[in-house]
Each structure stands twice: as structure tokens, then as C-alpha cells.
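First up is the structure itself, then whatever we jot down about it.
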Amino acid sequence: MQSKNHSPKIFLSGPSFPFRGGISHYTTLLFNHLSQQHSVIFYTFRKQYPKLLFPGKNDRDHSRMQIIPLKKTDNGPGAESEIMQELHPFDPVSWLKAAVKARECSLVLLPWWTVFWAPHYLLFRLIAKTSVNKIFFLCHNVIEHEGSPVKKIIARLVLRNGDGFLLHTREEKQRLFNLLGKPCSSVIFPHPVYEIFNRNRYTQAEARHVLGISPLRKVILFFGFVRRYKGIEYLLKALTIVKQSDPRILLLVVGEVWGGDAYAIDLLTRIREMGLRENVRFINQYVPNEDVELYFRASDFSVLPYIQGSGSGALQVCYGMDTPVVATDIGSFREIIRQGVTGLTVPPRNENQLAEAIIRMYQGGRFQQMATNIREYRNRFTWEGLVKKLISLYESTTDGL
């Protein structure tokens, strides 16, 4: 039996290098911090999605700066950790092998962000669950951003089997309660910051020189996958208003468009028809890790005009880069952004208020002061803090066993 004071052996699954994107970075960094204090079996993927179902151009990360799982080489608590790149969506045996390994562990951590993995998790649980271990879900989204009634039913079918849940916002905790219809053992801890991109390689002047941007321009940034729920159409409308007061405004849209070529063409058409070709630079590609800092350093602040959503890694990339934000008053933005201190929030789907907030950021040294505030504020969003919360939840569910 597992003592409360004994460090639990942990099983963690999820995407990692060579797969790209926020979930992969999250799972990898979580492993790296968990394994500092605990023995962890990390089962990651040898193949993630079938190409037909992947909305982007490619799911592989070709960055020179690789974010990879790091196995400890000393004799500390995590020295016995294992990294297994085995899981495959069309190989049930790989999931059964993982489940057998999970039976050796006291705590099993499964990331939850899409119902695609529902059959795999249900199969996995049949074998992995024992009378003494605990299965926790790390909920990036209780319900997918672009969900449907069927997806809600599938999410309920999987999540009802969880012994505990990590959620990143109070709103997501309420969403979980509404989905399952009962209270659950859970903890809330905000998405940790991604300081890993902040390498101090550029000043703003140097970054703008590399990108060919005049030092006289006022530069704002939209960073991350471009998806319909992120509301970039409202940002373009707001930009036409901001341009009237200061034609020097420049929006960098940096990220791969998800939604097919038709959506990308639609956005480019909007930019042209709105007369914004001199005010928008559209970089429709996945940005390698080593170039993330370049775009943030060149910008004054970031804009997150989402129309819906729960947690967002994009916000914590901003904080990790000491970058203030203008964002909509939804999900984690509402709970994490300190109004007037680390950013400004406005109602979603409101280009007028969004434009006003962008203009206000340039008044009275506001965004510069916010950048200073963020350097202290972000210390409350650490990976170490998340690990402590998870272990505390585990201990609260074991009842001393």
C-alpha cells in the first residue's frame, strides 16, 4: 500500500517530441518537472493522428531548439524514470502494453483535450485500473473548442471514470460538474508559463531589424494556430478603427491556419478588402521554437481576440515572454489577466471595444509598465506549483492508504 508520505510512482501519457504544438510542449515540460522528484513512466506517441484527421499541414516539429523529455542522470528521486515512445492510434497492443505498465504505478495521469482518444482511453482503463491506483485527467479542455452534442456524450463517457481532475480555470471546473452532474475530486491550477522561449537573444530593435520592420511602427501580435474560435476576424475589424487614429499600426499574424486553404484565403481576402495590406503581415506557418522569441521581441504587446475557449497556452507564452495582452473576457483570460496590471480585457465579438483597448495600451507608457508587472506576476504560474497541486490531490484521494 502507498503511504501518504511516500513519493508515488507516476504513469504519464501524452504527445511529446517529435510532435509539435502546445499539448506536446505541456506534456514534455510536465514530465521534466515531475521526474525531478518522482519516478515517472512516460508513454508518448510514435504516431499521433492520421493525416486525414489532422487539421494542420504536418504534426512533426522540425525546430532546431527541441523541447524534449529529459531523463535524470543522477541518483535522485526521478533517476528510475522511463521514456517509452510506443503509442499508436491504430495499434491497440501498444495501449495494452502501456496499461500493464500503468498498473505498476500509484498515480496515472492522462491528458484530455480531444475525443479522438476516447476509445484508446477506455481500452487503457480496463487494464490499467487497479483497486489502489488513481487515474487523473489533465483537462486542457473538458469539452473541445469546436464541440458538438455527440462529443459531449463521448467526453462524459470517458471522464466519468476519472478519480481526479486537474483543471486550469474555475470555469472549466464548473463545466466538468455540468458534464458529469456530480462533484469530483479536483484541483485548479492555472496553465504554467512557457519561459522556455525567453532566451534574451534579441532587443526590440534587433528583432525588428531581422524582420524588416521600421522602429517607428506600432506593432501588435496575434500568435498561435489560427482557428475560427480565436476571433481574428474581429481583430481585423478593430484594426481598421485603430488605423484611423494611427496609420503606423502593424499587426503580425504569426501561426499556421487550421481550417483548410479556404479559411486562409478568406482571411487574406478580408485583409485586402479592408485596405489593411500595409497594416497586416500574415505568416501562415508553424513557427519553430527558436523563432518564437523573435516575433514577441518585435512586438509591443499581444492580442488574443478569442470568441470562446477555456485555457490557453498562448496567454502563458505571452507571460513567459514578459508580453502584455489585450484579450477577450473569456475562460482563463478572465481569471488570469489582471485588468490594467498585466493586460486589458474586453467583451468578445466587439471590435469597437477591442480597438479602444489597443489604443489605450499605447497611452501613458501603459504596455511598458505592464511588461514590468508581468515579470513578478508570472511567478505564481510555475510548473513546480502544478506538480505540488497534483501530488496534493493524489494524497487527498488516497485516505492514507
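Selection within segment 287-303: residues that are among the hydrophobic types (A, V, I, L, M, F, W, C) and not in a helix (DSSP H, G or I). The member of this set that is surrounded by the fewest Cβ atoms within 10 Å (Cβ to Cβ) is Val287.
Within segment 327-339, the residues that satisfy the criterion of being in a loop (DSSP other than H, G, I, E, B) and either touching a residue at least 24 places away in the same chain (Cβ under 8 Å) or touching a His at 6+ places or on another chain (Cβ under 9 Å) (or both) are Ile330, Arg338. Under the condition of being out of contact with any helix residue (DSSP H, G or I) (no Cβ under 8 Å at 6 or more places or on another chain), over 19 Å from Tyr121 (Cβ atoms) and charged (D, E, K, R), the residues counted in segment 155-207 number 2. Within segment 96-112, if we keep just the residues that are touching a strand residue (DSSP E or B) at 6+ places or on another chain (Cβ under 6 Å) and not hydrophobic (A, V, I, L, M, F, W, C), the residue that is surrounded by the most Cβ atoms within 10 Å (Cβ to Cβ) turns out to be Pro111. Checked against (1) in contact (Cβ under 8 Å) with a residue 60 or more places away in the chain; (2) not assigned by TED's automatic domain parsing to the domain that holds Phe165, Val187 meets all criteria but (2). Evaluation of Ile41 against the conditions (1) at pLDDT below 95; (2) in a strand (DSSP E or B); (3) of a type in the set (A, V, I, L, M, F, W, C) shows that the sole unmet condition is (1). The one condition from (1) under 28 Å from Val257 (Cβ atoms); (2) surrounded by fewer than 22 Cβ atoms within 10 Å (Cβ to Cβ); (3) not charged (D, E, K, R) that His25 does not meet is (2).
One residue alone among Thr345, Thr323 is in a strand (DSSP E or B), buried (at least 18 other Cβ atoms within 10 Å of the Cβ) and of a type outside the set (Phe, Trp, Tyr), and that residue is Thr345. Filtering Leu251, Leu276 for residues that are outside any loop (DSSP other than H, G, I, E, B) and not polar (S, T, N, Q) leaves a single hit, Leu251. Of the residues Val93, Val115, only one is in the same structural domain as Tyr394 (by TED's automatic domain parsing), among the hydrophobic types (A, V, I, L, M, F, W, C) and surrounded by fewer than 19 Cβ atoms within 10 Å (Cβ to Cβ); which? The unique qualifying residue is Val93.
The residue that is nearest to Gly224 (Cα to Cα), counting only those in segment 251-276 that are touching a residue at least 24 places away in the same chain (Cβ under 8 Å) and β-branched (Val, Ile, Thr), is Val254.
Taking segment 263-305 as the range and being among the aromatic types (Phe, Trp, Tyr) and modelled with pLDDT of 95 or more as the test, the residues that pass are Phe282, Tyr295, Phe296, Phe301.
A quick yes/no check of all residues on (1) within 28 Å of Ile337 (Cβ to Cβ); (2) in contact (Cβ under 8 Å) with a residue 60 or more places away in the chain; (3) not assigned by TED's automatic domain parsing to the domain that holds Phe116:
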| site | (1), (2), (3) |
| --- | --- |
| Phe136 | yes, yes, no |
| Leu157 | no, no, no |
| Asn161 | no, no, no |
| Gly164 | yes, yes, no |
| Arg170 | yes, yes, no |
| Phe177 | yes, no, no |
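The values are calculated or read from the model by the stated rules, or taken from the named source; none is laboratory data. Note that this is a predicted model, so its numbers are computed, not measured. Ideal geometry is used to build each Cβ from the backbone, glycine not excepted, and the neighbour counts take in all protein chains shown.
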